[in-house]
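Here's the structure we're looking at; comments come further down.
Nothing in this text is a laboratory measurement; each read-out follows from the coordinates by a stated rule. As the structure is a computational prediction, the values presented were derived from the model and not from experiment. Counting neighbours? That spans all protein chains shown, and the Cβs are built from the backbone with ideal geometry, glycine included.
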Amino acid sequence: MNNTIKLAVASALLAAASTASAAGGIVAGDWTLDIGGVVNAYYTSTKVSGDSTNSTGTSTASNITTGLLPNYLAISGKTRQNDLDVAFTISINPGASTQNSGVQSANQENRQAFLTFGDASWGSMKLGKDLGIYASDAILNDMTLLGVGHAAGSLAGNTTTLGSIGAGYMYADWKSQVAYTSPNFNGFQFTAGVTQAFDVDTAGTGTASVGGAARGGKEPAFEGKASYAFASDAVSGKVWASGISQNLQGYNVTGTAWDLGATVSAAGFGLTGYYGEGKGTGMTVQFAGAVDTDGVKQDSKDYYLQATYTLPGVGTKLGARYGESELDQNVSSDNDGGKVKREMWAFGVYHPITKHLNLVAEYVEAKNSNSSSFDNGVSGTVGEFAATSGKAKTVSLGAILFF
């Protein structure tokens with residue numbers, strides 16, 4: 001995939017003011033404004049088997065939906081005032097999948113609303129809502145970012161799919177935050193910040209209250225990451241590490257997680273490796289299954305390996321990826337212990353027919369299993385299968401446009 005598309009992906013997700021087009025911006029008084037975004041749609045066919053959320057036995061469903069990236073419209077502006085670079089970004093994310101006759105109110109998200117100020121000599125500050133810090137590089141380097149990956153329950157009616165979230169890494173999420181990013185020291189850079197706390201469910205089910213009222217906390221979360229990017233005529237790449245720590249309100253414990261990752265490109269080949277571990281941070285989304293019903297932290301881990309090759313001359317990118325996420329359930333008053341596990345194979349073809357438009361074909365096999373006698377709802381709440389066992393095979397064909 002060419003550099004234009006790579007930069008477009010990062011811009012669409014982060015919409016950082018520094019990526020605003022210098023040549024195509026709209027001058028409005030002291031400000032230079034820019035508009036960008038993503039439009040995508042896919043035809044999908046998913047065959048589900050086993051004891052799953054979607055079926056008992058085997059069933060097949062076909063849908064037309066958006067992929068891991070939602071449709072995206074971002075407005076950003078930047079200016080230089082009093083020796084400071086000042087900028088803002090606001091985005092909206094309209095859903096494009098409907099499933100009920102006479103109802104056109106597809107899901108709507110507002111993922112970004114933040115300001116930044118700083119200078120190249122000392123770094124920059126960010127205040128507002130944007131992509132979280134921990135595990136953000138894991139999703140930004142995932143090839144299924146341009147496609148569908150696996151689903152969150154039914155594909156129909158959703159704003160976005162899960163891609164490879166929960167099958168190799170935890171979701172960084174979109175978080176209210178105050179964060180500092182250092183200057184770029186010859187490729188080395190770091191970010192540290194406080195973010196809005198996400199709390200576990202106070203009902204004691206051991207699942208995060210996704211979209212519910214039980215999110216929040218007396219203390220913020222603390223997140224940080226460091227990275228080193230390198231490039232030469234033949235080889236380019238990046239290595240990174242990140243972490244998160246948060247006190248879990250209602251439980252006298254602190255959840256922590258860390259990760260390491262690396263990606264390298266040479267002669268059309270790309271390799272990415274990622275590994276992370278958590279204690280009291282849960283699986284798939286942050287703090288889903290973080291503790292057992294006795295309030296004791298549960299361990300988790302994530303990893304994925306990815307290989308890609310870009311065909312010379314035509315720019316078509318071929319990719320293969322394998323990832324796993326696991327949650328070790330404690331022996332507790334309601335559970336004899338066990339493991340919740342999701343593993344996923346993904347194969348993709350991503351062909352740029354223009355510098356902004358890509359055709360995408362993917363084949364994905366996802367498997368969920370649970371060796372425990374107790375279903376704590378981790379995967380059933382936020383993922384494709386109930387926390388017992390099941391398989392899903394998804395074929396998706398579509399296109400994604402960056403502007």
Could you work out how far the C-alpha centroid of segment 121-137 sits from that of segment 159-173, in angstrom? 19 Å
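How would you rank 170, 125, going from fewest to most other Cβ atoms within 10 Å of each one's own Cβ?
With the sparsest Cβ surroundings first, the list reads 125, 170.
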Sorted peptide list for 337-348, 272-283, 306-317, 128-139, criterion being average Cβ within 10 angstrom, highest first: 128-139, 272-283, 337-348, 306-317
Return the lysines within reach of residue 129: Cα separation strictly under 18 angstrom, same-chain partners fewer than 8 residues apart disregarded; answer none if there are no such residues. 78, 175, 225
Here, residue 43 and residue 180, labelled 7 Å along Cα→Cβ, have an inter-label distance in nm of 5.4 nm
Please state the Cα pair-distance histogram of segment 289-363 with 5 angstrom bins from zero: what percent is in each bin? 3, 14, 17, 13, 10, 9, 8, 8, 7, 6, 4, 1, 0
Please give the net charge around residue 70, taking every other residue with its beta carbon less than 12 angstrom from that of residue 70, where Lys and Arg add +1 and Asp and Glu add -1. 0
For segment 257-272, what does the Karplus curve 6.51 cos²θ - 1.76 cosθ + 1.60, with θ = phi - 60°, yield as ³J(HN,Hα) per residue in whole Hz, taken in order and with x for Gly and Pro? 8, 9, 8, 9, x, 8, 9, 9, 10, 7, 6, x, 8, x, 10, 9
For segment 221-234, take each phi angle, set θ = phi - 60°, evaluate the Karplus expression 6.51 cos²θ - 1.76 cosθ + 1.60, and give the result in whole Hz per residue in order, putting x for glycine and proline. 7, 10, 10, x, 8, 9, 8, 9, 9, 9, 7, 9, 5, 10
Fewest-first ordering of 68, 73 by Cβ atoms within 10 Å yields 73, 68
Output wanted: per-residue J couplings in Hz (rounded whole) for segment 63-75, from phi through Karplus 6.51 cos²θ - 1.76 cosθ + 1.60, θ = phi - 60°, x for Gly and Pro. 8, 10, 8, 7, x, 4, 7, x, 4, 9, 10, 10, 10
Given the pairs 126/339; 126/393; 238/301; 317/339, which span a C-alpha to C-alpha distance of over 31 angstrom in this model? 126/339; 126/393; 317/339
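Arrange 119, 199, 299 by Cβ neighbour counts within 10 Å, fewest through most, would you? Don't skip to the end; give the middle numbers.
On the way: 119 12, 199 21, 299 15.
The most exposed by this proxy come first: 119, 299, 199.
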Provide the gained length on full extension for the span residue 403 to residue 324, in nm with one decimal, where the gain is 0.36 nm per separating residue minus the Cα-Cα distance. 25.1 nm
For residue 260 and residue 120, compute 0.36 nm times the residue count separating them, minus their Cα-Cα distance, and round to one decimal in nm. 47.7 nm
